Amino acid sequence: MKPILITIPFFHGIDIRGYGSMLVLAFLSSTWLAYRRAKREHLDPDVISDMAFWVFLFGMVGARLFYCVEYWGVEVKSLWQALQFWKGGIVYYGGIIGGVLAGLVYRQFHPFPLRPFLDVLAPSIAVGTLFGRLGCFLNGCCFGDVCSLPWAVSFPRLSPPWEHHVIYELIPEQAAHSLPVHPTQLYSAFDAFVIFLLLSAYFPHRKRDGEVMGLLLLCYPISRFLIEILRSDEGVFLLGMTISQTISAGLFLTGLVYWAWLLRQPASLHRDQVAPEGAGGYRLTAA
């Protein structure tokens, strides 16, 4: 855990937080990757650069709002605490909901072919998740259950796992570290990396636009559901499942319905329906 990466010794010291730094890396790397892939797929890359800020902004708002609603009165007890997102406390699925809504609103004012861009964005979502989860590890949030495995991690005093263990009287308040726990943040980061490799490998073999995003809709909910079993920072929400497991189950079912619809669509790709327009440019012939 390293909530503050470095302190800049000017203006009375400016703290550069690990969590925020990873979020910035998530934004930059995922946007850059989607931009490059859009160009390769003969899509307008400016759609990515124009939309990225709004998706990130409303994704952060959605992620923080979801967290505040879920933990109001427990972890968040005032409006000021609700605004302190740089200290951690965002929910992944809330960010997805916020980002999706921002993208759909953007598309209403600036139409673009949806399924081809979904495929371009899918691997970038995995990359963003990877860096985001590394930020969670640096911050100490999204921790796992107590375990005795060789790779278990103990977090320092005043960290989220330490506070959790003190509240449940697992350790005394004088303890310097939390009990060893599953580093579920690193599990999630590794999972995101594997999903990124899978999506990237499948990308050139897709038969119709939208399949890459469809693959993400099936893979991520399964791995997230399983990793959630090892976490102890969320309580039961529905039918013995946490709220994230409940959303994962719903997202997986949505993915199945999406694939059932997608497989009934013609096997064609948007990139095969564009015509050259000058040197280095392409004219879109399908929406």
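Data for the structure
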| quantity | calculated |
| --- | --- |
| Matching residues in the range 198-216 - criterion: being of a type in the set (Gly, Ala, Ser) and without any contact (Cβ under 8 Å) to a residue 24 or more places away in the chain | ALA201 |
| Test result for LEU230, of a type in the set (A, V, I, L, M), in contact (Cβ under 8 Å) with a residue 60 or more places away in the chain and over 28 Å from ALA38 (Cβ atoms) | yes |
| When residues of the range 45-66 are limited to those that are charged (D, E, K, R) and surrounded by fewer than 17 Cβ atoms within 10 Å (Cβ to Cβ), the one nearest to HIS270 (Cα to Cα) | ASP46 |
| Evaluation of GLY128 against (1) buried (at least 23 other Cβ atoms within 10 Å of the Cβ); (2) closer than 11 Å to SER29 by Cβ; (3) in contact with a Leu (Cβ under 7 Å, 6 or more places away or on another chain); (4) of a type outside the set (Ser, Thr, Tyr) (one fails), failing number | (3) |
| Test set (1) in contact (Cβ under 8 Å) with a residue 24 or more places away in the chain; (2) touching a Ser or Thr at 6+ places or on another chain (Cβ under 6 Å); (3) not assigned by TED's automatic domain parsing to the domain that holds PHE53 - SER124 fails condition number | (3) |
| Checking TRP261 against (1) within 25 Å of the chain's Cα centre (by Cα); (2) at pLDDT 95 or above, the condition it does not meet | (1) |
| Among (1) buried (at least 23 other Cβ atoms within 10 Å of the Cβ); (2) free of Cβ contacts under 8 Å to residues at least 12 places away in the same chain - the single one GLY144 does not satisfy | (2) |
| Every residue from the range 131-141 that is in a helix (DSSP H, G or I) and buried (at least 23 other Cβ atoms within 10 Å of the Cβ) | GLY132, ARG133, GLY135, CYS136, PHE137, ASN139 |
| Number of the condition not met by ILE167 [criteria: (1) aliphatic (A, V, I, L, M); (2) buried (at least 17 other Cβ atoms within 10 Å of the Cβ); (3) within 26 Å of TYR71 (Cα to Cα)] | (2) |
| Residue in the range 80-100 that is modelled with pLDDT of 85 or more and of a type in the set (D, E, K, R) present | no |
| Boolean, PHE117 is of a type in the set (A, V, I, L, M, F, W, C) and in a loop (DSSP other than H, G, I, E, B) | no |
| Selection within the range 170-186 - buried (at least 18 other Cβ atoms within 10 Å of the Cβ) and either within 20 Å of the chain's Cα centre (by Cα) or not in a loop (DSSP other than H, G, I, E, B) (or both) | VAL181, HIS182, PRO183, THR184, GLN185 |
| Checking GLY210 against (1) surrounded by fewer than 18 Cβ atoms within 10 Å (Cβ to Cβ); (2) under 30 Å from PRO266 (Cα atoms), the condition it does not meet | (1) |
| Single match in LEU33, LEU23, LEU28 (criterion: under 30 Å from PHE155 (Cβ atoms), in a helix (DSSP H, G or I) and at pLDDT 90 or above) | LEU28 |
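Conditions (1) at pLDDT below 90; (2) crowded, with 17+ Cβ neighbours inside 10 Å; (3) not in a helix (DSSP H, G or I), marked per residue:
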{"site": "ASP191", "(1), (2), (3)": "no, yes, no"}
{"site": "PHE196", "(1), (2), (3)": "no, yes, no"}
{"site": "PHE203", "(1), (2), (3)": "no, yes, no"}
{"site": "CYS219", "(1), (2), (3)": "no, yes, no"}
{"site": "GLN265", "(1), (2), (3)": "no, no, yes"}
{"site": "ASP272", "(1), (2), (3)": "yes, no, no"}
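For (1) β-branched (Val, Ile, Thr); (2) under 15 Å from TYR93 (Cα atoms); (3) modelled with pLDDT of 95 or more; (4) outside the structural domain of GLY89 (by TED's automatic domain parsing), each residue gets a yes or a no:
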{"position": "ILE222", "(1), (2), (3), (4)": "yes, yes, yes, yes"}
{"position": "GLU228", "(1), (2), (3), (4)": "no, yes, no, yes"}
{"position": "ARG231", "(1), (2), (3), (4)": "no, no, no, yes"}
{"position": "GLU234", "(1), (2), (3), (4)": "no, yes, no, yes"}
{"position": "LEU239", "(1), (2), (3), (4)": "no, no, no, yes"}
{"position": "SER244", "(1), (2), (3), (4)": "no, yes, no, yes"}
{"position": "PHE252", "(1), (2), (3), (4)": "no, yes, yes, yes"}
{"position": "VAL257", "(1), (2), (3), (4)": "yes, no, yes, yes"}
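The values are calculated or read from the model by the stated rules, or taken from the named source; none is laboratory data. Since the structure is predicted, the reported quantities are computational estimates derived from the model, not experimental observations. Quick reminder, even Gly has a Cβ in these numbers, built from the backbone with ideal geometry, and neighbours come from all protein chains shown.
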